[in-house]
Amino acid sequence: MPAAPQPALPRPDILVEDEPADQPNSELEKRFHLLLHDSDDHTYQYVIEMLAAVFGYSTQKAFAIAAMIDRQGQGIVETADYTTVKDHQDQIHGYGPDPRIPHCKGSLSATIEEAA
């Protein structure tokens, strides 16, 4: 009968460290939605160009988002951490008026809400 296997002995060349007590807990960082609101003072072309400039979205994706916002009155254009969403909101608000519509006075409106 073969001998029973011996338990593995600790290896002095391998160091196992305990996690430091000051490590952040494992909760996920809160996520936020950036909502873009419909406006009759902005053309589809403006929305498509703005989404491409701010988010790098393709023409097809930006058009789909613009159509959804037109139908629903608003739509989520991004879900991310607060800093990222706030930065993109500032970029949207700073994009300026739609030059294709003479009476357009400013950028589209975008708001932030906490994701569920």
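Of the set (1) under 18 Å from Q45 (Cβ atoms); (2) exposed (fewer than 14 other Cβ atoms within 10 Å of the Cβ); (3) hydroxyl-bearing (S, T, Y), all apply to S107 but (2).
Condition first: more than 21 Å from R31 (Cβ to Cβ) and either surrounded by 13 or more Cβ atoms within 10 Å (Cβ to Cβ) or out of contact with any Asp or Glu (no Cβ under 8 Å at 6 or more places or on another chain) (or both). Now tell me which residues in region 57-92 satisfy that. Those that are more than 21 Å from R31 (Cβ to Cβ) and either surrounded by 13 or more Cβ atoms within 10 Å (Cβ to Cβ) or out of contact with any Asp or Glu (no Cβ under 8 Å at 6 or more places or on another chain) (or both): S58, T59, Q60, A62, F63, A64, A66, A67, D70, R71. Scanning region 56-114 for residues that are in a loop (DSSP other than H, G, I, E, B) and within 13 Å of the chain's Cα centre (by Cα), we see that the one that is nearest to H37 (Cα to Cα) is Y57. If we scan region 30-37, do we find a residue that is part of a helix (DSSP H, G or I), of a type outside the set (D, E) and out of contact with any Phe, Trp or Tyr (no Cβ under 9 Å at 6 or more places or on another chain)? Within region 30-37 (the criterion being part of a helix (DSSP H, G or I), of a type outside the set (D, E) and out of contact with any Phe, Trp or Tyr (no Cβ under 9 Å at 6 or more places or on another chain)), the answer is no, since none of the residues qualifies.
Coordinate-derived values only; no laboratory data. In this text, all values refer to a predicted model and were calculated from it rather than measured experimentally. Note that each Cβ is placed from the backbone with ideal geometry, even for glycine, and that neighbours are counted across all protein chains shown.
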